[in-house]
Amino acid sequence: MALKQVSSSKCFGGLQKVFEHDSVELKCKMKFAVYLPPKAETGKCPVLYWLSGLTCTEQNFISKSGYHQAASEHGLVVIAPDTSPRGCNIKGEEDSWDFGTGAGFYVDATEDLWKTNYRMYSYVTKELPQLVNDNFPVDPQRMSIFGHSMGGHGALICALKNPGKYKSVSAFAPLCNPVLCRWGKKAFTGYLGTDQSKWEAYDATCLVKSYPGSQLDILIDQGKEDEFLTDGQLLPDNFIAACTEKKIPVVFRLQEGYDHSYYFIATFIADHIRHHAKYLNA
């Protein structure tokens, strides 16, 4: 699989790069960002995947979160993919900000219009890791995942659907129970159809209830002034209740005064990198 380098910039002794490739799963050109810490020059490093939220590309996280210093210090390769296929000429893909382009929801679509291209779940759990393992100095056995909002939902479901694949998981303001929120209902109806039992395979709160109990340490930060928390889009209480019932350890921190933005992410990003480094460098 040919990778084309789009950009490369030195940052905290390492290199922030962006690559483009033809995706087999998504049947379109896709970009993803890769941070190679200084340690990657001399050996294989653990790899941490970041999944972004609605409307984002691979650029938002790498330019706004300020993650590079912590990733450099802990010797982590960090991968940030795009949030959906692009330019597939599907009717309606550009019509709204919370469905279609920039809003892949990390599911494998089953509805006719979307099922050929909108396979972000398989892209981030299979195709992209394979590509990364083949082309960069990473240890495929040491992998973790985190994300924000729609991407926080993505990180949680990827970890919960694949026990043992990821050493750790964390999220900023994730959509914890999308089968019950407006964003989730709209996306799941469009991508997966009207049979709501199929939605549960991509809902963290539903997945926790049947999680087989392989050790997973979950960290979630949530801004208390987040408009989408107040609006009932995120529903963390449902997820925490399900984790408590299953005795799955989750550290949930409600952060006073913070909203849903990258200012919030930038404030706590070093904590999250530390959380993952603890498991990845063990």
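Brief remarks on what is shown
The rows are residues; the columns are (1) under 16 Å from the mean Cα position of the chain (by Cα); (2) more than 28 Å from Ala270 (Cβ to Cβ).
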{"site": "Lys185", "(1), (2)": "no, yes"}
{"site": "Asp195", "(1), (2)": "no, yes"}
{"site": "Lys198", "(1), (2)": "no, yes"}
{"site": "Asp226", "(1), (2)": "no, no"}
{"site": "Leu234", "(1), (2)": "yes, no"}
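- Tallying residues that are among the charged types (D, E, K, R) and touching a Pro at 6+ places or on another chain (Cβ under 9 Å) within region 206-244 yields 1.
- Some residue of region 7-16 being more than 23 Å from Pro85 (Cα to Cα) and within 22 Å of the chain's Cα centre (by Cα): yes
- If only residues of region 3-18 that are in contact (Cβ under 8 Å) with a residue 12 or more places away in the chain and among the polar types (S, T, N, Q) are counted, the one that is surrounded by the most Cβ atoms within 10 Å (Cβ to Cβ) is Gln16.
- Residue match in region 159-180 (condition: aliphatic (A, V, I, L, M), part of a helix (DSSP H, G or I) and free of Cβ contacts under 8 Å to residues at least 40 places away in the same chain): yes
- Applying the criterion of at least 1 residues that are more than 23 Å from Trp199 (Cβ to Cβ), of a type in the set (Val, Ile, Thr) and open to solvent by 10 Å² or more (accessible area, probe 1.4 Å) to the helices (runs of 4 or more DSSP H) found wholly in region 47-143 leaves 59-64.
- Listed conditions (1) at pLDDT 95 or above; (2) farther than 16 Å from Ala109 by Cα; (3) not hydroxyl-bearing (Ser, Thr, Tyr) are all met by Asp217, apart from (1).
- Within region 253-278, tally of residues that are open to solvent by 30 Å² or more (accessible area, probe 1.4 Å) and under 19 Å from Ile145 (Cβ atoms): 5
- Qualifying residue in region 238-249 (condition: in contact (Cβ under 8 Å) with a residue 12 or more places away in the chain, open to solvent by 20 Å² or more (accessible area, probe 1.4 Å) and over 24 Å from Lys209 (Cα atoms)): no
The values are calculated or read from the model by the stated rules, or taken from the named source; none is laboratory data. Keep in mind the model is a prediction, meaning the values are calculated, not measured. Note that we place each Cβ from the backbone using ideal geometry, even for glycine, and neighbour counts take in every protein chain shown. For accessibility, only protein heavy atoms count, side chains too; no ligands or nucleic acids. Shrake-Rupley method; radii C 1.70, N 1.55, O 1.52, S 1.80 Å.
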